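These notes concern the structure reproduced below.
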Amino acid sequence: MLNEQTIREMNRLFGLSNPTPTGKIRYRWQSPLRVQEMGNFRVVPLTSTKDLASEGWNMRHCVANYDVDCARGLYQVFSIRDLDGKRLATLGLRYDPNGWKLDQCLGILNAEVITSVVDWIDGNGNHHSIDQPTEIYFLAQEVERLMKNADRNVHSL
C-alpha cells in the first residue's frame with residue numbers, strides 16, 4: 001500500500017498533481033470503466049480531485065473527501081446521471097481483499113436513492129410499507145460487477 005507522501009511524489013513526477021491555493025494536492029487516477037450509458041442512465045467515472053469536488057458541490061455532499069483513497073486505488077466514485085446529464089446519485093465502491101464492494105450510493109444531500117418505500121392498504125384496511133430496490137440499486141450492482149470483472153482481468157495478466 002502506498003503512503004500519501006509516495007502518492008504525492010509520484011503524482012508530481014508524472015505531472016498528475018496540482019496544489020490548490022490552499023496547498024491541498026489535486027490527484028488524478030484511472031478508472032477501469034469508461035463513461036457509459038446503461039438503460040436510462042449515464043455512468044461517469046470521477047477520476048480527479050476536481051471531479052470529486054464538482055460532484056460534491058453539485059450534489060451537496062462530502063464525496064471530495066475520498067480523493068486520497070481514490071488515488072491509492074482503494075475507492076472508485078461514479079456520478080450517475082440521466083441521459084440529459086442531470087446528476088441523480090453518487091456511487092462509491094470500496095476495494096477490500098475480496099475485491100470491489102458497494103460502499104454507498106446517495107442522491108443530493110445524501111438522500112436515499114437505492115430503495116423506495118411502497119405503501120399500500122390491504123383489503124382489511126391495514127396499512128403496509130415495504131422498501132423496494134430502485135433502478136439505481138440495480139445499476140449500482142451492475143457497476144460493482146463490471147469493476148470486479150475489470151479487476152479480475154487486470155490480475156489475471
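The values are calculated or read from the model by the stated rules, or taken from the named source; none is laboratory data. In this text, all values refer to a predicted model and were calculated from it rather than measured experimentally. Using ideal geometry, Cβ is built from the backbone for each residue, glycine included, and neighbour counts are taken over all protein chains shown.
Taking the stretch 59-93 as the range and being closer than 17 Å to Tyr27 by Cβ and among the basic types (Lys, Arg) as the test, only Arg72 passes. Can you confirm whether Gly85 is surrounded by fewer than 16 Cβ atoms within 10 Å (Cβ to Cβ), closer than 16 Å to Ala150 by Cα and out of contact with any Asp or Glu (no Cβ under 7 Å at 6 or more places or on another chain)? No, not satisfied. Would the stretch 13-28 turn up any residue that is at pLDDT 95 or above and closer than 16 Å to Lys86 by Cα? No: the stretch 13-28 contains no residue that is at pLDDT 95 or above and closer than 16 Å to Lys86 by Cα. State which residue is modelled with the lowest pLDDT when the search covers only the stretch 104-115 and only residues that are touching a helix residue (DSSP H, G or I) at 6+ places or on another chain (Cβ under 9 Å) and in a strand (DSSP E or B). The qualifying residue modelled with the lowest pLDDT is Thr115. Looking across the stretch 125-149 at every residue that is assigned to a helix (DSSP H, G or I), of a type in the set (A, V, I, L, M) and out of contact with any Phe, Trp or Tyr (no Cβ under 7 Å at 6 or more places or on another chain), the one that is nearest to Gly92 (Cα to Cα) is identified as Ala140.
Residues in the stretch 62-81 that are crowded, with 22+ Cβ neighbours inside 10 Å and at positive phi: there are none.
Scanning the stretch 41-52 for residues that are part of a strand (DSSP E or B) and closer than 17 Å to Cys105 by Cβ gives Phe41, Arg42, Val43, Val44, Pro45, Leu46. Restricting the stretch 53-98 to residues that are within 24 Å of Phe138 (Cβ to Cβ) and assigned to a loop (DSSP other than H, G, I, E, B), which is modelled with the lowest pLDDT? By that ranking, first place goes to Asn98. For the stretch 65-76, the criterion of a residue being over 23 Å from Arg34 (Cβ atoms) and out of contact with any Lys or Arg (no Cβ under 6 Å at 6 or more places or on another chain) is satisfied by at least one position. Within the stretch 59-87, the set of residues being in contact (Cβ under 8 Å) with a residue 40 or more places away in the chain and not aliphatic (A, V, I, L, M) comprises Arg60, His61, Asp67, Cys70, Arg72, Gly73, Gln76, Phe78, Arg81, Asp82, Gly85.
Could you list, ordered by first residue, the pairs with Cβ atoms under 6 Å in which the first is in the stretch 108-135 and within 29 Å of Ile80 (Cβ to Cβ) and the second is among the aliphatic types (A, V, I, L, M) and surrounded by 12 or more Cβ atoms within 10 Å (Cβ to Cβ), at least 6 apart or interchain? Short answer, once both residue conditions are applied: Ile108/Met59; Val113/Ala89; Val113/Ile136; Ile114/Ile136; Thr134/Ile114.
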